[in-house]
Amino acid sequence: MCTVVVRWSAGHPVRVLALRDELTSRPFDDPARWWPDFPDAAGGRDRAAGGTWCATDIRSGATALVLNRPQGRAAEAGAPSRGVLPLLGATYGAGWRAHVRVEGMAAFLLVLATPERLVTWDVDGDVVQETEHAPGTVMVTSGGPEDRKAERHLAAFRAADPDDWPGLLRTGPPADDPGALVVRHERDGQVFATVFGELLEAAPGLLRLSHSREPWTTRPWTDLTLAGG
């Protein structure tokens, strides 16, 4: 995950736009309930490691997302995959750290968006920076040059209705520019690009989600509604 936009206010459904940037050769599945150990969680599944970049606990309406921090440390041998973090965050909320050892993990930013709070954890080695965010519209990225995205685009997301957020992605084909919302970088024969976009609304007991593998086009997004409680 590389770009996340969240709009929230206490007592209202959370609205999230999430863009996943990844190697185009890495396979994944569209959002569903994929994990027997987390029966209330729904999200897209990374086939390589089995985890996810974004998960919603349908029962509580909590959504958690993980963003890589490429400017931070690399993973140590045998470290857990960061793909488990959204499942733990959505399921256990702020108590997620009791269920995983972050020592040895590559650097990451974990986002937790609920109907009552928006909090992020920036983790790099033994350093954990926790930030509570005020109600409103917030954009987070993988950091470094990608922070240009907020400088360029956050004002437009704040001004728009969340239902219209996918339209803000249709600014042209993916670009080799870290400040672009949809990207495509080719290096050493590999392509790293925006491979997935999703727009969700989550409240306790109900998840409404639309998604696309080509979010910069005018093709219709796929709709999904999941209920639980």
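Residue pairs whose Cβ atoms lie under 8 Å apart, sitting 6 or more positions apart in sequence or on different chains, and linking a residue in the stretch 113-127 that is in a strand (DSSP E or B) to a partner that is aliphatic (A, V, I, L, M) and surrounded by fewer than 20 Cβ atoms within 10 Å (Cβ to Cβ), are VAL119/ALA94; TRP121/VAL128; ASP122/VAL128. Looking at LEU168, LEU200, just one residue is within 17 Å of VAL14 (Cα to Cα), within 18 Å of the chain's Cα centre (by Cα) and at pLDDT 95 or above, and that residue is LEU200. Restricting to the stretch 2-41, give me the number of residues that are surrounded by 21 or more Cβ atoms within 10 Å (Cβ to Cβ) and either more than 23 Å from ALA150 (Cβ to Cβ) or of a type outside the set (A, V, I, L, M) (or both). Of the residues in the stretch 2-41, 9 are surrounded by 21 or more Cβ atoms within 10 Å (Cβ to Cβ) and either more than 23 Å from ALA150 (Cβ to Cβ) or of a type outside the set (A, V, I, L, M) (or both).
Once the stretch 183-196 is narrowed to residues that are open to solvent by less than 90 Å² (accessible area, probe 1.4 Å) and out of contact with any Lys or Arg (no Cβ under 8 Å at 6 or more places or on another chain), the residue that is modelled with the lowest pLDDT is GLY189. State whether the residues of the stretch 90-105 include one that is modelled with pLDDT of 95 or more, closer than 19 Å to ASP21 by Cα and either open to solvent by 10 Å² or more (accessible area, probe 1.4 Å) or not in a loop (DSSP other than H, G, I, E, B) (or both). No. Annotation: GLY44 fulfils all but one of (1) open to solvent by 60 Å² or more (accessible area, probe 1.4 Å); (2) closer than 26 Å to ASP147 by Cα; the unmet one is (1).
For the stretch 170-182, the tally of residues that are under 16 Å from VAL140 (Cα atoms) and either crowded, with 20+ Cβ neighbours inside 10 Å or in contact with a His (Cβ under 7 Å, 6 or more places away or on another chain) (or both) stands at 3.
Being open to solvent by 30 Å² or more (accessible area, probe 1.4 Å), outside any helix (DSSP H, G or I), without any contact (Cβ under 8 Å) to a residue 24 or more places away in the chain and among the hydrophobic types (A, V, I, L, M, F, W, C) is true for just one of ALA155, ALA134. Which residue is that?
On the way: ALA155 fails: outside any helix (DSSP H, G or I).
Selected residue: ALA134, the only one of ALA155, ALA134 that is open to solvent by 30 Å² or more (accessible area, probe 1.4 Å), outside any helix (DSSP H, G or I), without any contact (Cβ under 8 Å) to a residue 24 or more places away in the chain and among the hydrophobic types (A, V, I, L, M, F, W, C).
The values are calculated or read from the model by the stated rules, or taken from the named source; none is laboratory data. All figures in this text were calculated on a predicted structure; none of them were measured in a lab. Backbone-built Cβ (ideal geometry, glycine too); neighbour counts: all protein chains shown. Ligands, DNA and RNA are stripped out before the accessible areas are found, and what is left, the full protein with its side chains, is counted by its heavy atoms. Shrake-Rupley method; radii C 1.70, N 1.55, O 1.52, S 1.80 Å.
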